[in-house]
Amino acid sequence: MTFTIIFLIAFFLSFGMRYWLAQRQLRHVAQNRDTVPAEFAAKISLAEHQKAADYTIAKLRLGNLESILSAIVLIAFTLLGGLEYLNQILTQQLGNGILQQITLLCSIFIISGVIDLPFSWYKQFKLEEAFGFNRMTPKLFWLDLLKGLALGAALGLPLLWVILSLMAEAGPLWWLWTWFVWTAFNGLLLWLFPTFIAPLFNKFKALEDGPLKTQIEQLLKRCDFASQGLFVMDGSTRSAHGNAYFTGIGKAKRIVFFDTLIEKLNPGEVEAVLAHELGHFKRKHIRKRLLVSFALSLVVLALLGWLSAQPWFYIELGVTPSLAGYNGGLALALFMLVSPVFGFFLTPLNSLASRKHEYEADNFAAEKSSASDLISALVKLYQDNASTLTPDPIYTAFYSSHPPAPLRIANLQQCR
């Protein structure tokens, strides 16, 4: 029962920390709801500040409900025998082999998706709608869902078959071969996404000739950045939120602006936002994140390789492994279910690294573009996206990938 106890300690500790942090954020945002921070008082009205607070609180409350249900589902799948029951039923129907294990994993994905669906619907058509951000129709919601399922099946099923085949036939070092496959697969996705995957969900058109395009091209020249093109995406068909990003690898890099971003910001502000995104590339943040991701995936797969050979890993999580048969899918299923419980405690490290990168990208933007324009753009985006200006410091330190608004803008003011 040793691992069961370890798992339960980690489970209750992680769930308790999630809830405690969410409650801290709720209280802190609510307590500061009626006062706009002094540095924003001339730019953001009290009504806009209160809207951001209410939006943040509504999302947190919904997130708490999702966390509670996710915790119940996790225990139901593991210690209460849900995964064991599902595995036995499928074994009786399909025998013990790769087909049965793929079906087991797909069943878990489908069950999890069905449980999550009401939350996705509520968030889109109730919460986002209530605050004026939703522009998606029910038809588009279901169409996106079906496309996502079809794409997931087209890409995921062959990958699962390869991984499970390696687990069955590649010997004790199957995890190392799987890592090579996983790395190649992710590289393929990076190449496919801009030109084949993203257009399945959104429409892209070339940025029209004009002052904005000229200004962006001059920025790219100053930054020595070559891209396949500048594109505008129809983000307004789904949400009022705005953003910009670049995607792809090598010569296939694309720069993409949400149409909502171009609507809200002037050319100088759009340039500054793009300069920030380019800062991530020029400061090698993308490369560093990829390398860290690949290194972590190697460690994770090595751990899975060891755990999958330990009978106690299955038994102490409520599952009976097949002694003479094949347990690859069962090991994957258990690992995917329980690893987030332990991985949760690494969240602050990832958040800290991400915030450091954001400061570096802001400094790059201030150097290559305009700190004042980036500040102006950020204030508009905080305003239009109803982002809270008064997050709880401990919640921020644990979760936030971006620095709090006051600290981020104070840093940019020093770069003027």
- prompt: What Kirkwood radius, in Å to one decimal, follows from the Cα pairs of segment 278-350?
  reply: 14.4
- prompt: Pairing the Cα long axis of helix 347-368 with the longest principal axis of the chain, what angle in degrees results, from 0 to 90 and rounded to the nearest 10?
  reply: 30
query: Efficiency by 1/(1 + (r/R0)^6): what FRET value for LYS213 and TRP191, r their Cβ-Cβ distance, R0 = 30 Å, to the nearest 0.05?
result: 0.70
- line: Within segment 79-106, the residues whose backbone N lies under 12 Å from a label point placed 7 Å from the Cα of VAL300 along the Cα-to-Cβ direction are none
query: By how many degrees, between 0 and 90 and to the nearest 10, does the Cα long axis of helix 267-282 differ from the longest principal axis of the chain?
result: 40
- prompt: In degrees between 0 and 90, to the nearest 10, how far off the longest principal axis of the chain does helix 82-94 point, with axes built from Cα atoms?
  reply: 60
- prompt: In terms of the Cα gyration tensor, with a ≥ b ≥ c the square roots of its eigenvalues, is segment 225-381 rounded because a/c is under 1.5, prolate because a/b exceeds b/c, or oblate?
  reply: prolate
task: Mind giving me the nanometre distance, one decimal, between the label points for LEU140 and CYS106, set 7 Å out from Cα along Cα→Cβ?
output: 3.1
- prompt: So what's the gap between the Cα centers of segment 26-55 and segment 310-377, to the nearest angstrom?
  reply: 31
statement: Simple spin-label estimate for SER293/TYR122, 7 Å along Cα→Cβ, in nm, reads 3.1
- line: The Cα radius of gyration of segment 157-235, divided by 2.2 N^0.38 Å with N its residue count, comes to 1.72
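So if each residue of separation counts as 0.36 nm, and I subtract the Cα-Cα distance between THR4 and GLU169, what length gain in nm does that give? Write down the numbers at each step before the final one.
Details: separation 165, 0.36 × 165 = 59.40 nm, distance 2.97 nm.
This chain segment gains 56.4 nm when fully extended.
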message: Please report, in whole Å³, the volume per residue of the convex hull around the C-alpha atoms of segment 181-302.
response: 115
- line: Expressed as a percent, the portion of alpha-carbon pairs in segment 344-403 spaced more than 20 Å apart is 37
query: Top mean-square fluctuation among PRO404, PRO158, PRO321, Gaussian network model of the chain, C-alpha springs under 10 Å?
result: PRO158
query: With Rg and the Kirkwood Rh both taken from Cα atoms, where does Rg over Rh land for segment 66-187?
result: 1.06
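For segment 4-141, what does the alpha-carbon gyration tensor say about shape, rounded, prolate or oblate, given a ≥ b ≥ c as the root eigenvalues, a/c under 1.5 as rounded, and a/b over b/c as prolate? Before the final figure, lay out each step's value.
Working: a/c = 4.56, a/b = 1.93, b/c = 2.36.
It comes out oblate by the Cα gyration axes.
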Values of log10 I(q)/I(0), in the order q = 0.08, 0.11 Å⁻¹, for the chain under a Debye, Cα-only, solvent-free model: -0.53, -1.01
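Since every read-out is calculated from the coordinates, none of them should be taken as a lab result. Computed from a predicted model, the values in this text were never measured in an experiment. Here Cβ is always computed from backbone atoms with ideal geometry, including for glycine, and neighbour counts include all displayed protein chains.
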